[in-house]
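Encoded as structure tokens, the structure appears first; notes follow it.
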Amino acid sequence: MVADGPRGPAQTKRLTLIRPDDWHVHLRDGAILAQVVPDTARRFARAIVMPNLDPPVCRVADALAYRARILAALPAGARFEPLMTLYLTETTQASEVVQAHASGAVRAIKYYPAGATTNAAHAVRDLRRCYPVLAAMERYDLPLLLHGEVTDPSVDVFDREAVFLERHLLPLTQAFPGLRVVLEHITTRASVEFVNAGPSTLAATITAHHLLLDRNALFDGGLRPHHYCLPLLKRADHRAALVAAATSGSPKFFLGTDSAPHPRHAKESSCGCAGIYTAHAALELYAEVFEEAHALDRLEKFASYNGPDFYRLPRNQGHITLVKEPWRVASTISAGGDVLVPLRAGEDVGWRLVE
Ligand code: DOR
Ligand code: ZN
């Protein structure tokens, strides 16, 4: 990585790193692909694509067809590889794991607790019912990606991630010591500590929004639906623990935006959807976090090395350059006949991508 500090007042700070990947993104389907796929492909060489479509992507054949639709939405000449995932259900068969492994296109299987989030209604009620599939994943070395929250209504919504660690993740890692597991979009100090103390088969992704915002951002002068995501933003001390983990240089933490577009009307609603759109400025937002933590020299590890190393894929060849130059984010983005309100709508982002 090359980071040029300012050599004089007129000198722009530049940051060049190996092209990064996004290890957790929602691209959705249909007309919106034409907006969101280019935003992701402009910055990332590859992305782990979430399967929570309606209906969900449960079979390898569905994933391959979805992959073709994503590739068709790429601008001419763009190079981007969608890494596909399957949506785990209690009826997923071990044979699907064998096919996924053979496909070379399906790279992981995603666990959602039933009812936890967007399109999770068909997901898993009792993870133990999936243990035969997890055994096949361990055998075929196919990673398991976790939405790590319990849905038990008696557990406070801010504690659902921490309770998941003890109730589900600990027994899971003990039952399948060879299974590679990614705890996705972690939000708490407890998760940082759990992952740090865990085996090398356990890693975590961290979003830009959980690194930038704490839960005050949900109620800043009024209810802020565009800051509503799951797992929820947490207290400032948890955010500090996430920043420390991301900038630590540990190979166990890597970039996963969880960019999750919803039309404005679905966010600004009496029962709004969870998800924050960040793909329009993803790497730039992470650069702000790393700069603030005086750790710009660690961004390349987090964004470009740790993910491929964990997934056992080659690191990318090309490079990407950011300059320290503020730009104004649009207040809305048109996407497939709908309107998205991106993170930082109408406000500045401090780093700009050099095309
Ligand atoms: O905020 C979120 N949005 N969290 C999730 O787990 C799902 C995602 C979505 O698909 O909208
Ligand atoms: Zn997600």
ask   = Cross-link partners among lysines for Lys252, C-alpha distance below 18 Å, same-chain residues fewer than 8 apart left out?
value = Lys301
message = Between segment 298-355 and segment 195-258, how far is it from one alpha carbon centroid to the other, in angstrom?
response = 16
request  = Decide, for segment 227-270, between rounded, prolate and oblate: order the square roots of the alpha carbon gyration tensor eigenvalues as a ≥ b ≥ c, take rounded if a/c falls under 1.5, and otherwise choose prolate if a/b is larger than b/c, else oblate.
outcome  = oblate
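With a cut-off of 8 Å between alpha carbons and a minimum separation of six or more residues, what is the relative contact order of segment 203-348 in percent?
Computed value for segment 203-348: 26 percent relative contact order.
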message = I'd like the Karplus ³J(HN,Hα) series for segment 119-125: coefficients 6.51, -1.76, 1.60, θ = phi - 60°, whole numbers in Hz, and an x wherever there's a Gly or Pro.
response = 6, 9, 4, 8, 7, 8, 8
inquiry  = Which of Glu81, Glu96, Glu347, Glu355 has the fewest other C-beta atoms within 10 Å, and how do the rest follow up to the most?
reply    = Glu355, Glu347, Glu81, Glu96
note = The size of the Cβ-based charge dipole (Lys, Arg +1; Asp, Glu -1) of the chain about the Cα centre, to the nearest 20 debye, is 560
key: Note, ³J(HN,Hα) from phi for segment 50-67, Karplus 6.51, -1.76, 1.60, rounded to Hz, x at Gly and Pro   = 5, x, 7, 7, 10, x, x, 8, 9, 10, 4, 4, 5, 5, 5, 5, 5, 4
key: Sorted by Cβ neighbour density within 10 Å, fewest at the top, the residues Thr201, Thr40, Thr247, Thr332   = Thr332, Thr201, Thr247, Thr40
ask   = Relative to the longest principal axis of the chain, what angle (0 to 90°, nearest 10) does the C-alpha long axis of helix 131-140 take?
value = 60
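Rounded, prolate or oblate: which one fits the chain, using the alpha carbon gyration tensor with axes a ≥ b ≥ c (rounded when a/c is under 1.5, else prolate when a/b beats b/c, else oblate)?
Since a/c stays below 1.5, the shape of the chain is classed as rounded.
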request  = Using a 10 Å cut-off on Cβ atoms, rank the peptides 213-220, 50-57 from the highest mean neighbour count down.
outcome  = 50-57, 213-220
key: Glu325 long-range amide H proximity, modeled H, under 5 Å   = Trp351, Arg352
inquiry  = Could you derive backbone 3J(HN,Hα) for segment 181-192 from the dihedral phi with the Karplus parameters 6.51, -1.76 and 1.60 (θ = phi - 60°), listing whole Hz in sequence and x where the residue is Gly or Pro?
reply    = 10, 10, 7, 7, 6, 5, 10, 10, 4, 4, 5, 4
task = Would you grab the residues whose amide H sits under 5 Å from the one on Cys273? Only those 5+ places off in sequence or on another chain, please, with H modelled 1.01 Å from N.
result = Lys267
ask   = Can you list residues whose amide H is under 5 Å from Ile48's amide H, if they're 5+ apart or on another chain and H is modeled 1.01 Å from N?
value = Asp22, Trp23, His24, Val25, Leu83
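Any read-out appearing in this document is the output of simple, stated calculations on the displayed coordinates, not a laboratory observation. Given the structure is predicted, the values throughout are model-derived calculations rather than measurements. Quick reminder, even Gly has a Cβ in these numbers, built from the backbone with ideal geometry, and neighbours come from all protein chains shown.
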